[in-house]
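These notes are about the structure you will find just below.
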Amino acid sequence: MQHSSTTLPVILTGDRTTGPLHLGHYVGSLKNRVTLQTTHQQYLLLADAQALTDNAHNPGRVRDNVLEIATDYLAVGIDPNLTTICLQSHLPALADLTLLYMNFVTVARLERNPTIKDEIQARGFGRDIPAGFLCYPVAQAADITGFKATIVPVGEDQAPLIEQTNEVVRRINRQAGFEVLPESRALIPPVGRLPGIDGKAKMSKSRGNAIQLSATADEIRKAVRRMFTDPSHVKASDPGRIEGNVVFTYLDAFDGDHTTVEDLKARYIRGGLGDSIVKKRLDDVLQALLAPIRDRRRALARDPGYVLQVVKRGTARAREITDATLRDVRAALGLFTLN
């Protein structure tokens with residue numbers, strides 16, 4: 001049974017459909033979502049329209065990953081009876097809201113958004129930034145308000161997007177003269193970004209430094225073996241550094257036995273503990289975590305019709321909710337109506 005949305009706080013979250021999900025997604029959001037679905041009315045957006053803002057030249061990549069990511073959701077324990085999994089591009093009210101909200105946001109404000117500013121720089125867009133990409137904070141405001149969500153789980157780097165959503169909400173409410181839309185708050189996970197296995201920046205599909213949720217036992221083993229540790233820790237007897245040591249970062253994130261991990265850290269810093277022992281422990285932890293996810297994923301892959309049905313049902317439900325919000329906003333702004 002779906003939750004009664006009248007009693008539970010509404011949470012909106014989701015992923016761009018540009019590739020299968022990995023351990024960074026698991027520790028940053030998926031694990032949290034599985035817990036939150038029992039205490040919140042949770043909507044999970046397969047953000048294919050947003051993925052097109054910088055993949056319009058390759059729509060196949062976006063299309064092919066819609067059911068891949070939906071399968072990942074189900075494999076990690078997202079329950080479609082508790083969480084509504086829906087497809088962004090099939091919720092036309094979100095596009096209509098985006099268009100409306102664009103009239104309440106300036107280009108200067110969009111360019112000032114730290115998240116967008118950083119991305120423009122990282123991608124080397126210069127002035128050749130796609131308009132869809134620049135307006136992504138407006139589209140995200142439409143996503144969040146379309147579901148009247150009050151909680152949005154995001155990484156720390158995404159917090160400015162929530163602030164910009166609330167600016168839009170305040171402008172709409174001021175124009176309407178009453179609260180038609182609620183403000184939302186960012187829910188930032190306690191674990192920061194998971195670095196890639198190479199120790200560089202974040203784990204990312206495009207950098208090839210990620211461990212996918214569908215990774216085989218062999219792929220996990222190889223990835224752990226390649227992991228960046230402390231380059232000056234040559235012999236087991238050498239004292240080692242744990243700062244920036246990816247193996248320990250991952251143990252902190254995934255190993256439930258914190259006492260043993262702290263003990264290993266102390267021994268590593270003192271000297272007398274080889275990388276291979278620490279890596280063996282991490283390999284065991286990751287194999288135990290990913291084996292059941294991989295098995296469920298395999299079972300789901302044998303029944304793609306089921307995954308498609310889950311997305312269809314969730315999208316139909318989400319459409320009712322977002323259409324109702326659009327009607328509320330149009331009425332509140334006093335727009336012309338034909339009915």
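Both radii are taken from the alpha-carbon atoms of the range 243-339; with Rh as the Kirkwood radius, Rg/Rh is 1.36. Think of the range 127-285 as having a plus end and a minus end, set by charges on the Cβ of Lys, Arg, Asp and Glu; of 166, 248, 217, 217 sits farthest toward the positive end of this dipole.
Could you work out [θ]222 nm for the chain from helices alone, using -39500 (n - 2.57) per DSSP H run of at least four and dividing by all its residues? Round to the nearest 500 deg cm²/dmol. Helix contribution divided over all residues of the chain: -16000 deg cm²/dmol.
Calculation over all alpha carbon pairs of the range 191-265 in 5 angstrom steps from 0 returns a P(r) of 3, 14, 23, 25, 21, 10, 3, 0 percent.
In plain terms, the chain from residue 171 to residue 277 could stretch by 32.5 nm, reckoned as 0.36 nm per residue minus the Cα-Cα distance.
How long are the three semi-axes of the equivalent ellipsoid for the range 259-308, computed from the Cα gyration tensor as the root of 5 times each eigenvalue, in whole Å, largest first?
Ellipsoid semi-axes (Å, largest first): 38, 9, 6.
In the context of the full set of protein chains, the chain has a per residue accessible area of 48 Å² (1.4 Å probe).
The share of accessible area on the chain that comes from carbon and sulfur is 54 percent, using a 1.4 angstrom probe. Classification of the chain by its C-alpha gyration tensor yields a prolate form. The axis ratio a/c (a ≥ b ≥ c) is 1.5 or more, and a/b outweighs b/c.
Placing +1 on the Cβ of every Lys and Arg and -1 on the Cβ of every Asp and Glu, with no other charges, gives the range 69-135 a dipole of roughly 320 debye about its Cα centre. Karplus-based coupling profile of the range 330-339, in residue order and whole Hz: 4, 5, 5, 7, x, 6, 5, 9, 8, 10, with θ = phi - 60° in 6.51 cos²θ - 1.76 cosθ + 1.60 and x standing for Gly or Pro. Within the straight-line cut-off of under 19 Å between alpha carbons, the lysines reachable from residue 279 are 200, 222, 235, 265, sequence neighbours fewer than 8 places apart in one chain being disregarded. May I ask for the distance between the Cα centers of the range 261-339 and the range 115-189, given as a whole number of Å? Between the Cα centres of the range 261-339 and the range 115-189 lies a distance of 21 Å. With the whole protein complex present, residue 57 retains an accessible surface near 150 Å², based on a 1.4 Å probe. Principal-axis analysis of the Cα atoms of the chain puts helix 275-301 at an angle of about 40° to the longest axis. The phi torsions of the range 231-248, fed into the Karplus equation with coefficients 6.51, -1.76 and 1.60 and a -60° offset, translate into couplings of x, 8, 8, 7, 9, 4, 6, 5, x, x, 9, 9, 5, x, 8, 4, 4, 6 Hz, rounded to whole numbers, with Gly and Pro shown as x.
Stretched out straight at 0.36 nm per residue, the stretch from residue 235 to residue 217 would grow longer than its current Cα-Cα span by 3.7 nm. Kirkwood radius, the range 232-290, all distinct C-alpha pairs, inverse of mean reciprocal distance: 11.5 Å.
Compute the acute angle (0 to 90°) between the alpha-carbon long axis of helix 136-146 and the principal axis of greatest extent of the alpha-carbon atoms of the chain; round to the nearest 10°. Computed tilt is about 70 degrees. With a Förster radius of 45 Å applied to the C-beta separation of residue 131 and residue 38, the computed FRET efficiency comes to 0.65. Please work out whether the range 153-197 counts as rounded, prolate or oblate from its C-alpha gyration tensor, where a ≥ b ≥ c are the square roots of the eigenvalues and a/c under 1.5 means rounded, while otherwise a/b larger than b/c means prolate and anything else oblate? Because a/c hits 1.5 or more and a/b exceeds b/c, the range 153-197 counts as prolate.
What does the extension gain come out to for residue 296 and residue 252, with contour length at 0.36 nm per residue minus their alpha carbon separation? List each step's numbers first, then the result.
Details: separation 44, 0.36 × 44 = 15.84 nm, distance 2.55 nm.
Between residue 296 and residue 252, full extension yields 13.3 nm more.
Every Cα-Cα pair in the range 1-104 was counted, and those over 16 Å apart are 60% of them.
Under the simplified labelling scheme, the residue 81-residue 323 pair shows an inter-label distance of 2.7 nm, with each label point 7 Å from Cα along Cα→Cβ.
In the chain, Cα pairs under 8 Å separated by at least six residues give a relative contact order of 22 percent.
The values are calculated or read from the model by the stated rules, or taken from the named source; none is laboratory data. All of these numbers come straight from a predicted model, not from anything done at the bench. Cβ atoms come from the backbone with ideal geometry, glycine included; neighbour counts cover every protein chain shown. Heavy atoms of the whole protein, side chains included, go into the accessibility calculation; ligands, DNA and RNA do not. Shrake-Rupley method; radii C 1.70, N 1.55, O 1.52, S 1.80 Å.
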